[in-house]
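Report on the structure given below.
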Amino acid sequence: MIPEIEKASLQEIKTFQEEKLRGLFEYLNTNSPYYRRLFRKHKISADAIRNLEDLRRIPTTSKEDLQKFNDDFLCVPKNKIVDFVTTSGTLGEPVTVGLTDADLDRLAYNEAISFACAGVTDEDILQLTTTIDRRFMAGLAYFLGARKLGAGIIRVGAGIPELQWDTILQFRPSYLIVVPSFLLKLIEYAEHHDIDVNASGIKGAICIGESLRDQDFSLNVLAHRIKSAWNLELYSTYASTEMSTAFTECSEQQGGHQHPELIITEILDDEQNPVPAGYEGELVVTTLGIEAMPLLRFKTGDMVVAHTSPCGCGRNTLRLGPVVGRKKQMIKYKGTTLYPPAMHNALNDFPEVESFVIEIYHNSIGTDEIRIKIATKIASEELLQTIKDHFRSKLRVTPNIEFVPKEEVQKLRISKLGRKPVSVIDKRG
């Protein structure tokens, strides 16, 4: 299931995208209050946008813009929105993304061709180990994509290794959709309960939220630990709520393929200029085919390297390597994107919290970890559990949280430069 445009020549793909871009400009100018205002402010007319190179004339859109002017990005009346999803915002409050019925169809198509990229067919059964509720787009996309592809899907949800293994042994799925570090928990459970992981029938895992490979596409520490115990194929997939599009590895496992009918990509430096081929830069995307909230030159905050060499799978599309890093302390934690201000806001809901410091670091398998140290006069297990439940409700994940003496927090918060106290310590190097 390879769309014809993905097998076309690079020039044919470029011509195809330029036609789509001109249509998108007209659509935004007619229907988007935010972009209509932007075009007028910078005196950008439809005649000025004829090819992909002309995109540079348009200012980029940031997540802060999306948060400050959330409703102004809507291009349809609210009664046309059939699904509301939220994603974390840089300023703390979540960003809402609305989808129309047509957008859900597009989301299903995106995920179907992404699964097919990783070798999934209508003969396979996929086990979903991530949530499909809590206004979370990814789980919904996986379900819709499997349905579109004709594959079976089992919606188990996040966590609970015992339930995951009961399901695997009962229904015999062939693929897992999973945060890769959770595979280690499944391996550990299997070892303690005499389950042979290699006799389970699982042949592959579509891995989300955490990287599996180094920049040369060799397996990283996390992937090696998984593969040393479980002989299954690991496929990376990268996506975000805002772009409603996934970049998924094919059988060659040399980067996630772009779907040119769904998204235009740019890799930019700090001055918003394209980086030379093979160099890392920030991924900036323009979404195609979205009805409710299309985005033009949206800055994802992710630093990546694009690869354009021919791929053995037959696709001629650009491929994205593993995410190199995040700008502005963006954190990928257990498959969820987090920003420190969102954690600040969650903690500020508790008057019992006197002060705190957030530490971000890499664990032994190279993925992001968060430790929050809290000072409070009334430390108790009940309060700790309440704070954890609040994080789970607001942010969908629970970092490592511990109570420590106030003096310890104060010492950590003292800036080495002697300026204002710091609340976030990033140790990720």
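The values are calculated or read from the model by the stated rules, or taken from the named source; none is laboratory data. No experiment lies behind these values; they were computed from the predicted model shown. No Cβ is skipped: glycine too gets one built from the backbone with ideal geometry, and neighbour counts run over all protein chains shown. Surface accessibility is based on the protein's heavy atoms, side chains included, excluding ligands, DNA and RNA. Shrake-Rupley method; radii C 1.70, N 1.55, O 1.52, S 1.80 Å.
Computed over segment 262-374, the convex hull of the alpha-carbon atoms projects to a mean area of 10.5 nm². On the principal axes of its alpha-carbon atoms, segment 87-157 has extents of 44, 26, 19 Å, going from largest to smallest.
Legend: distances between Cα atoms for Lys20/Lys41; Lys20/Lys80; Lys41/Lys332; Lys80/Lys148; pairs beyond 25 Å are Lys41/Lys332.
With both bridge residues required to lie in the chain, what share of the DSSP beta bridges run antiparallel, to the nearest 5%?
65
Our note on the geometry: Cα centres of segment 259-300 and segment 197-234, 28 Å apart.
Database remark: amide H of Leu288 closer than 5 angstrom to the amide H of Ile263, Ile264 (H placed geometrically; neighbours at sequence offset of 5 or more, or on other chains; Pro and chain starts carry no H). Principal axis analysis of the Cα atoms in segment 49-129 yields extents of 45, 34, 26 Å, listed in decreasing size. Placing a pseudo-label 7 Å from each Cα along the Cα-to-Cβ vector at Asp71 and Ser380 gives an inter-label distance of 4.1 nm. Assuming charge only on the beta carbon of Lys and Arg (+1) and of Asp and Glu (-1), the dipole of the chain about its Cα centre is about 1280 debye to the nearest 20.
In the structure shown, the pairs Lys227/Lys427; Lys14/Lys299; Lys185/Lys299 are assessed against 31 Å; a Cα-Cα span above that value is assigned to Lys185/Lys299.
In this calculation the C-beta distance from Asp133 to Arg36 is compared with R0 = 45 Å, giving a FRET efficiency of 0.80. With Cα atoms as the point set, segment 192-292 shows a radius of gyration and Dmax of 17.0, 56 Å.
Of the GluC sites (Glu not before Pro) found in segment 215-281, those that fall in a DSSP loop while having at most 10 other beta-carbon atoms within 10 Å are Glu271. Summarising the amide proton neighbourhood of Asn220: residues at separation of 5 or more, or on other chains, whose placed amide H is nearer than 5 Å comprise Arg213, Asp214.
Each residue of segment 29-39 was assigned a 3J(HN,Hα) from its phi angle through the Karplus expression (A = 6.51, B = -1.76, C = 1.60, θ = phi - 60°), giving 5, 8, 10, 9, x, 5, 6, 4, 5, 5, 5 Hz with x at Gly and Pro.
With a 1.4 Å probe and all protein chains left in place, how much accessible area per residue does the chain have, in Å²?
Computed with neighbouring chains in place, this is 45 Å² per residue.
All C-alpha to C-alpha distances of segment 1-146, sorted into 10 Å bins beginning at zero, yield P(r) values of 10, 28, 35, 24, 4, 0 percent in whole numbers.
Each residue of segment 198-209 was assigned a 3J(HN,Hα) from its phi angle through the Karplus expression (A = 6.51, B = -1.76, C = 1.60, θ = phi - 60°), giving 7, 10, 7, x, 6, 9, x, 10, 8, 9, 10, x Hz with x at Gly and Pro. Note on the chain: with a GNM built from Cα contacts shorter than 10 Å, the maximum mean-square fluctuation among Asp83, Asp302, Asp47 falls on Asp47.
How far is the Cα center of segment 1-50 from the Cα center of segment 101-141, in Å? Each part reduced to its Cα centre gives a spacing of 26 Å. Compactness of segment 127-239, taken as the C-alpha radius of gyration over 2.2 N^0.38 Å, stands at 1.03.
Using a 1.4 Å probe on the protein heavy atoms, what percent of the accessible area of segment 334-374 belongs to carbon and sulfur?
44
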